[in-house]
Amino acid sequence: MFCLAGTSRGCVGRSGSNPRKAATAEVYRTHHCAELRTKDIGSTVTLAGWVHVRRDHGGVVFIDLRDREGLTQVVFRPEENAGATEQAHTLRHEDVVQIIGKVAARLPGTENPKLVTGEIEVLPDTLTILNRADVLPFPLDSDPSNEDLRLSHRYFDLRRPHLARNLRMRHRVTKATRDFLDEQGFLEIETPILSKSTPEGARDFLVPSRQTPGKFYALPQAPQQYKQLLMVGGIEKYFQIAKCFRDEDLRADRQPEFTQIDIEASFVEPADIFRLVEGMLAAIFRNAREVEIPTPFPRLTWHAAMDQFGSDKPDRRFAMPLVDLADTFASSSFKMFRGALDAGGAVKAINAKQFALVTTGQMEELTTMAKLHGAKGLAFIKVENGKWQSPLVKFFTEEEKAALTSKLHIEEGDLVLFAADKWETACEVLGRLRLRISEFQKLTENSQTLDFLWVTDFPLLAFDAAENKWNAVHHPFTRPKAEDVPLLDSGDFGKARAEAYDVVLNGVEIGGGSIRIHEQELQAKMFAALGVSEEDQQTMFGHILRAFRLGAPPHGGIAMGLDRLMMLICGEQSIREVMAFPKNNRGLDLMSQSPSDVDQRQLRDLGLQLKEKRNE
RNA sequence: GGAGCCUUAGCUCAAUUGGUUAGAGCGCCGCCCUGUCACGGCGGAGGUUGCGGGUUCGAGCCCCGUAGGCUCCGCCA
């Protein structure tokens, strides 16, 4: 036996997307398990991998040997190799073995067309058991629903073809990204992970400083300031596949640490960023999914997106548009509608086609959802047996009914839902209902559509009633649209729009960015609007304000959420399925049991003391 | 911080209205089996029904609490 325990050269030089011979000779094997064909018959090969399945006939024993690339059948025959066959009887699922043997044609009629290696099998001279496996925590050949169990044995779960495929796909996407941006002249530059806490935005993960007791680094929520400073530094075109950290509650599409394709460029306008990102996504989808996506992407202003779809990330794979009914009900006798309009609000409706048979439970859920998002109730019309079943109908004139029928294209079997409120509330409520109904009706279930679009002209500032102050919608360095800068002077903050844009795919925000402020004066105006004092500006952003006075070029960029993009590319419902080692719902790593207790001494070194002892 | 759904064998699930000893498939263990590829056959082990309490003659099933998981709202510039 010539096994060299401890060598790891077997993996060097392998491409994830394109299995081929390693640059250096492999020690453990001569071929991978999806490689051998009839042309190899007669040659002696060495294979290494996992026992995928054993079929033991008492005499002859079959092993499906599996490695990353595929399966090869190994046949042990007692009359040819009694010793190896004897050993083969003891093999179990996921034992790791190496076999040296001859490639042979399968007996006529026993070829397996389901395997690419199904024409051949390997007759081993030697079987080396490299490592035996315990009884498996769950089977690898089906999808276990117990995610808890999967996450606590993630290293094992990763052997399932499903996850392996996702990780391989992710590699292709990041490689396509790097290749594309490199061709476009972008430099990949790393920025610090030990960074500075800022009050804006999400809650920071903090790292106590040992050498400066009582002070803390923060893990970056995004490399935002660094990439802008790289622009001041004359880099002109930067990108990074950057880890970002936000200490907020998790969701199916949110993890405390996640990855962004972070991009920034100097001397650019939104159109430059749009072209770049469209080209990059086209390259990504060409490489990963082998599809050509149409570019340029359609554009929608934030106001139009809200008005038509009730969302700043509209899913346009189905219609169900929000229809404005202000004209129809301008002089309505129905108080709820007139009241909203008289107060300067909106009356809008959606037509859920062929959903009149909505169940009581579904209707209750929709009503609860509407109220939760600010509606006072949920007015509706069901069209059944040629009649409008609705408590509202008695308030409508014939003209109003005719206008509704025409504007909403009402037909037998439809369900029409109304919202009458402040414009933004009415839009948001109907937008939420629209999405939930699309789930009820399974409107996007097997859709292959890739609907990309840009949402532009976001509001610059939003008023936070709870804190009684204005906050930046994007971040405080976002450039106002040139024509809206006077609104900052006049205090009409709510009307100011930003040079900010999101790229949306199938109703999921996969990226967002903006053109930045590069002048110190404009930045000061912005901070003034945000109510950040001169002193706080210096403490928190002194370095970046100083940088802006040393010849900062006009610049802007975007950050793409790689995990969400991968989720869509792989057709997953959760970003956990496209990350190697994700955390659960509560931010725990069930495999390594982090976060964990630390030694008292570590705390002492950092000058920290725990306030409360937890019950243990 | 809040809401909903879920928790039965290692895994996936079942268990009539609350009714005898909680079952099946896969996996595991043992024996048999020389051309399978979801190999097959026979036998076996494996359960505090998440945990605690309550109602009841009787609880996997009903009620209360609690833990854990997932999803959503808040939160996420």
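The values are calculated or read from the model by the stated rules, or taken from the named source; none is laboratory data. All figures in this text were calculated on a predicted structure; none of them were measured in a lab. Every residue, glycine as well, gets a Cβ built from its backbone with ideal geometry; the counts of neighbours run over all protein chains shown. Please note that ligands, DNA and RNA were not included when accessible areas were found on the heavy atoms of the full protein model with its side chains. Shrake-Rupley method; radii C 1.70, N 1.55, O 1.52, S 1.80 Å.
Work through the residues other than A:Pro296 whose Cβ is under 9 Å from its Cβ and net out their charges, Lys, Arg +1 and Asp, Glu -1.
+1
Which distance in Å, rounded to a whole number, links the C-alpha centroids of segment A:312-363 and segment A:434-506?
Here the two parts' Cα centres lie 21 Å apart.
Once Rh is set to the Kirkwood radius over Cα pairs, what Stokes-Einstein translational diffusion coefficient, in µm²/s, holds for segment A:392-523 at a temperature of 20 °C and a viscosity of 1.002 mPa s?
116
Among A:Leu522, A:Leu136, what's the order by accessible area (1.4 angstrom probe), most exposed first?
From most accessible down to least: A:Leu136, A:Leu522.
Hey, how much of the P(r) for chain A falls beyond 42 Å, as a percent of Cα pairs?
When every Cα pair of chain A is considered, 42 percent fall beyond 42 Å.
Can you work out the FRET efficiency for the pair A:Ala202 and A:Asp597, with r the C-beta to C-beta distance and R0 = 30 Å, to the nearest 0.05?
According to the calculation, E is roughly 0.70.
Could you tally up the Lys pairs in segment A:325-421 with alpha carbons closer than 22 Å? Skip any pair fewer than 8 positions apart unless they're on separate chains.
Step by step, the pairs that qualify in segment A:325-421 add up to 26.
Using packing as a proxy for protection, rank A:552-560, A:292-300, A:474-482 so that the peptide with the highest average count of other Cβ atoms within 10 Å comes first.
Ranking the peptides A:552-560, A:292-300, A:474-482 by packing returns A:552-560, A:474-482, A:292-300.
R0 = 51 Å: FRET efficiency of A:Leu550 with A:Thr397, Cβ-based, nearest 0.05?
Efficiency, from the Cβ-Cβ distance: 0.15.
Which order do peptides A:415-427, A:502-514 fall in by mean Cβ count within 10 Å, highest first?
A:415-427, A:502-514
Positive end of the charge dipole of chain A (Lys, Arg +1 and Asp, Glu -1 on Cβ, about the Cα centre): tell me which of A:Leu136, A:Gly345, A:Phe258 has its Cα farthest that way.
A:Leu136
Starting from the Kirkwood radius over alpha-carbon pairs of segment A:19-131, derive D by Stokes-Einstein at 37 °C in a medium of 0.692 mPa s and give it in µm² s⁻¹.
Reported coefficient: 236 µm²/s.
Measuring from label point to label point, each 7 Å out along Cα→Cβ, what is the A:Lys175 to A:Glu69 span in nm?
Rounded to a tenth, the inter-label distance reads 1.4 nm.
What FRET efficiency comes out for A:Leu130 versus A:Glu439 if R0 is 45 angstrom and r is the Cβ-Cβ distance? Round to the nearest 0.05.
The pair A:Leu130/A:Glu439 has a calculated efficiency of 0.40.
In bins 5 Å wide, starting from 0, what share of all Cα pairs of segment A:325-421 does each bin hold, as a percent?
Answer for segment A:325-421: a P(r) of 2, 13, 24, 27, 20, 11, 2, 0 percent.
Just reorder A:Phe274, A:Phe581 by solvent-accessible area, largest first, 1.4 Å probe, all chains present.
My answer, sorted largest first, is A:Phe581, A:Phe274.
Quick check: pseudo-label points 7 Å beyond the Cα along Cα→Cβ at A:Lys387 and A:Thr539, how many nm apart are they?
The modelled label-to-label distance comes out at 6.9 nm.
Describe numerically, in nm with one decimal, the distance between label points set 7 Å from Cα along Cα→Cβ at A:Thr212 and at A:Leu357.
According to this spin-label approximation, the distance is 6.7 nm.
Hey, can you rank A:113-126, A:140-153 by average C-beta count inside 10 Å, highest first?
A:113-126, A:140-153
Would you mind getting the Kirkwood hydrodynamic radius of segment A:115-248 from its Cα pairs, rounded to one decimal in Å?
It works out to 20.1 Å.
Taking the square root of 5 times each eigenvalue of the Cα gyration tensor, what semi-axes in Å does the equivalent ellipsoid of segment A:171-276 have, largest first?
27, 17, 13
Put +1 on the Cβ of every Lys and Arg and -1 on every Asp and Glu Cβ in segment A:19-131; which of A:Leu71, A:Val61, A:Pro108 then has its Cα farthest towards the positive end of the dipole?
Among A:Leu71, A:Val61, A:Pro108, the one farthest towards the positive end of the dipole of segment A:19-131 is A:Leu71.
With an 8 Å Cα cut-off and a minimum separation of 6 or more residues, compute the relative contact order for segment A:141-299 in percent.
20
Show log10 I(q)/I(0) for segment A:526-585 at q = 0.14, 0.15, 0.25 Å⁻¹, two decimals, from a solvent-free Debye sum over equal Cα scatterers.
-0.69, -0.70, -1.04
Using 0.36 nm times the number of residues separating A:Glu365 and A:Gln520, minus their current alpha carbon distance, what extension gain do you get?
My answer for the length gained is 50.8 nm.
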